[in-house]
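Notes follow once the structure below has been shown.
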Amino acid sequence: MALALQTFSTVGDANAALKATGTRYLGGGTLVVRAANEGDISVSGLVRSTDPSLSAIEIDNGKARIGASVTMAAIARHPELGAIAKAARAVGGPAIRNMATVGGNLFAPAPYGDFAVALLALGATVDTDDGEMPIEDFLAGRDGSRAIVTSVRFELPKAENFRFLKVSRVKPKGVSVLSIAAALEQAGDSTVSSVRIALGCMADRPMRARGAEKALIGSTLNQDGIAAALAAAGEGTSPITDPIASAWYRAEVLPVHLGRLLLG
Ligand SMILES: Cc1cc2nc3c(=O)[nH]c(=O)nc-3n(C[C@H](O)[C@H](O)[C@H](O)COP(=O)(O)OP(=O)(O)OC[C@H]3O[C@@H](n4cnc5c(N)ncnc54)[C@H](O)[C@@H]3O)c2cc1C
């Protein structure tokens, strides 16, 4: 069946077109077009918007706004986004990164969504045509969402305060066994004063490691100091099983890789 593609210059018009049954928004198309090509008959038409703000990256006073149509390649090469470039480079190979958008990554089911893991650790805000919401709320409600994501916003971390790790079996572009992002700050005595840790593949979508976060506050980042956080890392997780790894394996290796991230 042929797919109809409708292009609109404004997000508002695209949103209105998305009300028709069977329509899906088109970001870079790496997932939605693949699904249609593979026979997903729920997709009968694609809608996209060429609104320039969707493709803009704005950095102002330590705050970043990234339009939903910005690709992973554009983030990876942006001179002021060096602190999060590693997370963008973790998405697929060069061809995928040239198409894969921020907006699409927010909807990507595990084992995908590596960049969304980074955004969750950064406490990003997700903007839609309907308003804004914290990324946690967005991720929790994304399945029923019909609103077009227009941008994400977050405070740019200092490079030393943001860590990202993707574990994969096939280098350099295999999908994730798991991914971990941590945004943390240390006080003058080197103890952890604030931390947000996000996990990929530990549920069907990115999730916070709240038990580990709680255990880390006031701790020093050494083997003894992180022990309680590693013990709590799996709390509330429900890892996926796929051809890359079983849920059991993912749960077993999570503390190992979280330890490496925190000590590295
Ligand atoms: C070979 C291959 C390797 C991959 N490797 C990785 C990887 O390592 N890591 C990873 O994270 N992902 C990976 N992916 C998945 C995917 O490429 C990325 O997650 C990408 O960011 C998805 O973005 P997209 O723009 O292509 O999404 P699309 O395919 O365009 O859309 C995906 C879904 O999101 C919705 N959507 C997209 N943009 C918006 C928006 N602005 N507002 C509302 N809804 C929207 C679409 O309607 C659709 O339901 C891979 C995919 C392939 C095919």
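The values are calculated or read from the model by the stated rules, or taken from the named source; none is laboratory data. It should be emphasised that the depicted structure is a prediction, and the values quoted were computed from it without experimental measurement. Glycine also receives a Cβ, built like all others from the backbone with ideal geometry; neighbour counts cover every protein chain displayed.
Do we find that Gly27 is under 16 Å from Asp129 (Cβ atoms) and surrounded by 15 or more Cβ atoms within 10 Å (Cβ to Cβ) in this structure? Yes; evaluated as a whole, the condition is true for this residue.
Restricting the first member to region 110-138 and to residues that are at positive phi and outside the structural domain of Tyr25 (by TED's automatic domain parsing), and the second to residues that are more than 14 Å from the ligand (Cβ to nearest atom) and at pLDDT 95 or above, the beta-carbon pairs closer than 7 Å and six or more apart or on different chains are Gly123/Phe154; Gly123/Arg196. Checked against the criterion of being among the charged types (D, E, K, R), surrounded by fewer than 18 Cβ atoms within 10 Å (Cβ to Cβ), near the ligand (Cβ under 7 Å from one of its atoms) and not assigned by TED's automatic domain parsing to the domain that holds Ala183, region 57-76 has no qualifying residue.
Sort through Leu221, Leu165 and tell me the only one that's surrounded by 14 or more Cβ atoms within 10 Å (Cβ to Cβ) and touching a residue at least 60 places away in the same chain (Cβ under 8 Å). Can you show your working first?
Values: Leu221 fails: touching a residue at least 60 places away in the same chain (Cβ under 8 Å).
Leu165 is the lone residue from the list that is surrounded by 14 or more Cβ atoms within 10 Å (Cβ to Cβ) and touching a residue at least 60 places away in the same chain (Cβ under 8 Å).
Scanning region 14-31 for residues that are under 17 Å from Ala147 (Cβ atoms) and more than 6 Å from the ligand (Cβ to nearest atom) gives Ala14, Asn15, Ala16, Ala17, Leu18, Lys19, Ala20, Thr21, Thr23.
Being of a type outside the set (Val, Ile, Thr) and within 14 Å of the chain's Cα centre (by Cα) is the requirement here; does Asp137 meet it? Criteria met by Asp137. Here the strands (runs of 3 or more DSSP E) wholly within region 1-120 that include at least 2 residues being under 18 Å from the mean Cα position of the chain (by Cα) and more than 24 Å from Ser176 (Cα to Cα) are 63-67. For region 177-203, a residue qualifies if it is surrounded by fewer than 14 Cβ atoms within 10 Å (Cβ to Cβ) and touching a residue at least 60 places away in the same chain (Cβ under 8 Å), but none of them does.
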